[in-house]
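The values are calculated or read from the model by the stated rules, or taken from the named source; none is laboratory data. Just so it is clear, the structure is predicted and the values come from calculations on it, not from any experiment. We place every Cβ from the backbone using ideal geometry, glycine too, and count neighbours over all the protein chains shown. Accessible surface areas use protein heavy atoms only, side chains included; no ligands, DNA or RNA. Shrake-Rupley method; radii C 1.70, N 1.55, O 1.52, S 1.80 Å.
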Amino acid sequence: MGSVQIVTTILAFAITAVAVWLAVRAVMKMVAVIRLGQPDPTRFGDKGTRTKTMLAETAGHTRMLRWSVVGAAHWFVMVGFIVLSLLVLEAYFEVVSPTGELPLVGAWTFFNAVTELIGILGIVGILVLMAVRLRNRPTRPGGRSRFTGSTMWQGYFVEWVVLLVLIFGFVIRGFKVATDHFEYPVWATPLSHAVGAALPNWDAGVSVAALIKIVISMTWLIVISLNVTMGVAWHRFLAFPNIFFKRDPGRAGSGLGALRPMTSQGKPLDFEEADPEKDQFGVAQVEQFSWKGLLDFSTCTECGRCQSQCPAWNTGKPLSPKLLVLSLRDHAYAKAPYLLAGGGKDLTGEEKATPAQLAHVDVLALAEGDKPLIGTAEEGGVIDPDVLWSCTTCGACVEQCPVDIEHVDHIVDMRRYQVLIESSFPSEAGVMLRNLENKGNPWGAPQNTREDWTKGLDFEVPRVGEVDDFEYLFWVGCAGAFEDRAKKTTRAVATLLNEAGVKFAILGEGETCSGDPARRIGNEFVFQMLAQQNVETLNEAFEGREKSKRKIVATCPHCFNTLGNEYGQLGGEFEVVHHTQLLAHLVATGRLTPVQPVDGGVTYHDPCYLGRHNRVFAPPREVLGTAIAGELTEMPRNSERSFCCGAGGARMWMEEKIGKRINVDRVEEAMSTGAKTVAVGCPFCSTMLNDGVNGKGAGEQVEVVDVASVLLRSVKPEQAPGEKETAPVAG
Ligand code: SF4
Ligand code: SF4
């Protein structure tokens, strides 16, 4: 070993020892913080599916590849990082000797050829990602950036480290070529040979370049170890467990659909026995999230994909799902020393720690412990109430997140505490909640008018109890029963089912609200009250039938989601379809025949609770495809990336006081297609988009109408209930 190698070896191992010590300390700190969360026993089942999903999402980059160029570039960088970690290991042999190499594989031409290729693609990939970050930097003139609010230096730092480590890999090989210590053919290692041709024949070059590569890598490790909230770096490790432990790992759209039941100490809360002084009602302190919640917050890469799709953020509201997650993460880590010393408030608000326990806790951590989780800037709150109540629970953030963070669950958990314990929520929603409790529907309409929509139909609509041999129970929903526009959809669906000879029956006055708006606003108590009543009614209606024969068709995606995905939590197992699914089936099997194509151009708005939350994208399009003249005109934001109408998450019942109205944004997009008809599959979308169209004074040019009504116009033009007199029907 020459004198240069003695120096490079000492320096390499010294910096590595420091970096590893700091990294171990950082990992222990992160584990300690995550363990502060509440238990969640539901995350450990079906390890086979969890492993498969984790491998598919990481190795296959299934989520990121939707952002094709960025996804492909990131894939090469990820593979580069994993494979080239071996080459960092090899550098430890190279600081010791210029001919050093990895044992076993280091002298293998195939290994060198593969690492050469991955190195080249990794450099291209990281340059693309750097260009994307620069092009989308928040400070660029004009336009909004998905990186707004992200810690930009961390992103640049990580990218430069990756680039330099990759480059120095080729410099090391180049010196080996230049000093004649590299025996691999040019075809297998072309870039190394090209670099070697440009470098001097300097014997110490290999060891010095290897030392620089180790110093860069270890500097990275030191920096991220000193910044445990540096998600842009830590996600490389945390993404694996975060995806592994996600909920419903086998379900496309995991993290969407059903909301999780309220839990205390990891167990579902039973409202008959629950005691707010002993049981946790929602989340009031960051440590009341489950450990998976805290893992979610730690894993955020700050990529801003969620933010770029969020309807609230895109219309000037203060909510960004990314910034919400970052606030919770930073708060959790800042508060952690206080919590780890035994601090924290019990459920009655009393401090748990003794003064002696807190004597040595940093004042900043103590101050963080005093912050209310929800509160205005003046109150020192972590999350502003306007942020919390801006969410429509549309799920665009969950859908886009490459590391499977479950934003909607966290938002609703925080709402639950605000509503149930603090009675703090937008006051205008109080009327809706009172109506649900007293009248069983959000409008407060008399229950005995639930069947009014059937009046004037030229066939009898059977009630459950009057007939036993129905195939489908037609769940009408409150909007479908009480709201004038939605009633037309209800009548259209009933007419089409009757036309197709489907045996169906309604509950009529036996139906009450599914409970969706109560659950989404956070009032789990009212949700459970309504849901239990409905489950009882439905179980009675289907008595003696196996699950596959307990079929329900619903026109409202919120009812469809709640009945199909959430009633199982209360003992109600049903086969629930949306009316567009059933209509698509009836058309495909020839039981309904469209005869007169609806023209004028049609576009389709995906309801969030039908599309993203339940992956029903094709059936409404199939129905429209058979009923309209020409092709369906898609909006730029459609299917998985559809833009919310603004009504979900009980936002329908709250005023939209901040920023641009979400429905107006969506209507502008729909109108930009030039279509005369905007087809919808949800009564709330219908209301919101109709309001948007009318607000723009475009009611005469554009019509918002349910898919069922479009089909009815095509199947039975003479009977179609016009949403307005000037319905654009081909003559
Ligand atoms: S659910 Fe929708 S509105 Fe709520 S934070 Fe996510 S993207 Fe934004
Ligand atoms: S998409 Fe996921 S990882 Fe990216 S910023 Fe949003 S929460 Fe973080």
Neighbour cut-off at most 16 other Cβ (10 Å), DSSP loop, chymotrypsin sites (Phe, Trp or Tyr not before Pro), segment 234-278: 271
With Cα coordinates, the longest principal axis of the chain makes an angle with the long axis of helix 618-627, in degrees rounded to 10, of 50 degrees
Carbon + sulfur, % of accessible area of segment 18-71 - ligands and nucleic acids excluded, 1.4 Å: 71 percent
When the helices in the chain are scored as -39500 (n - 2.57) per DSSP H run of 4 or longer and the sum is shared across all residues, what 222 nm value do you end up with, to the nearest 500 deg cm²/dmol? -15500 deg cm²/dmol
According to a simple spin-label model (label point 7 Å from Cα along Cα-to-Cβ), what is the distance in nm between residue 634 and residue 131? 2.5 nm
Under 5 Å between amide H atoms, partner at least 5 residues away or on a different chain: which partners does residue 263 have, H built in plane at 1.01 Å? 269, 282
Karplus-derived 3J(HN,Hα), 6.51/-1.76/1.60, for each residue of segment 668-675, Hz, glycine and proline x: 4, 5, 4, 5, 5, 6, x, 5
May I ask which of 317/660; 488/551; 487/716 have a Cα-Cα span longer than 20 Å here? 488/551
So, with a 1.4 angstrom probe, what is the percent of accessible area on segment 282-409 that is carbon and sulfur? 57 percent
Chain lengthening between residue 668 and residue 11 when straightened (0.36 nm per residue, less Cα-Cα): 230.3 nm
Sequence-distant or interchain residues sharing an amide H contact under 5 Å with residue 383, placed H: which? 374, 375
Relative to the present Cα-Cα distance, how much length would full extension add between residue 509 and residue 427 at 0.36 nm per residue of separation? 26.6 nm
For the chain, percent of DSSP beta bridges that are antiparallel (nearest 5) comes out at 10 percent
Can you give the relative contact order of the chain as a percent, counting alpha carbon pairs under 8 Å and 6+ residues apart? 11 percent
Pop out the Kirkwood hydrodynamic radius of segment 262-389 from its pairwise C-alpha distances, inverse of mean 1/r, in Å to one decimal. 16.1 Å
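Where the convex hull is taken over the Cα atoms of segment 121-210, what is its projected area averaged over directions, in nm²?
Mean projected area for segment 121-210: 7.3 nm², to one decimal.
Evaluate E = 1/(1 + (r/R0)^6) for residue 469 and residue 573, where r is the Cβ-Cβ distance and R0 equals 35 Å; express this FRET efficiency to the nearest 0.05.
So the FRET efficiency works out to roughly 0.95.
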At most 15 other Cβ atoms within 10 Å and a DSSP loop assignment: could you name the GluC sites (Glu not before Pro) in segment 368-402 that fit? 378, 379
Report, to two decimal places, the Cα Rg of segment 1-93 normalised by 2.2 N^0.38 Å (N = number of residues). 1.59
To the nearest 0.05, what FRET efficiency results for residue 93 and residue 187 with a Förster distance of 30 Å applied to their C-beta separation? 0.75
Evaluated at 20 °C and 1.002 mPa s, the Stokes-Einstein D of segment 408-454 based on the Kirkwood radius over Cα pairs, in µm²/s, stands at 174 µm²/s
Taking the 0 to 90 degree range and rounding to the nearest ten, how far is the long axis of helix 47-59 tilted relative to the main principal axis of the chain, both from C-alpha atoms? 70 degrees
How much of the accessible area of segment 571-708, in percent, comes from carbon and sulfur atoms when a 1.4 Å probe is used? 49 percent
So what are the three principal axis dimensions of the chain from its Cα atoms, in whole Å, longest to shortest? 99, 68, 52
Nearest 10 degrees, 0 to 90: helix 3-34 Cα axis against the chain principal axis: 30 degrees
Calculate, for the chain, the solvent-accessible area per residue in square angstrom, rolling a 1.4 angstrom probe over the heavy atoms of the protein chains. 39 Å²
Relative contact order of segment 453-536, please, whole-number percent, based on alpha carbon pairs below 8 angstrom and at least 6 residues apart. 31 percent
Under 16 Å Cα to Cα from residue 322, which aspartates and glutamates show up? Leave out anything in the same chain fewer than 8 places away. 296, 302, 330, 384, 386, 399, 404, 406, 409
Enumerate the residues in segment 176-201 having an amide nitrogen under 18 Å from the point lying 7 Å beyond the Cα of residue 110 toward its Cβ. 184-185, 187-189
Starting from the Cα-Cα distance between residue 85 and residue 448, subtract it from 0.36 nm times their residue separation and give me the gain in nm to one decimal. 123.7 nm
For segment 554-689, diffusion coefficient by Stokes-Einstein and Kirkwood Rh (Cα), 10 °C, 1.306 mPa s, µm²/s: 100 µm²/s
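Express the relative contact order of segment 76-153 as a whole percentage, based on alpha carbon pairs under 8 Å and six or more residues apart in sequence.
29 percent
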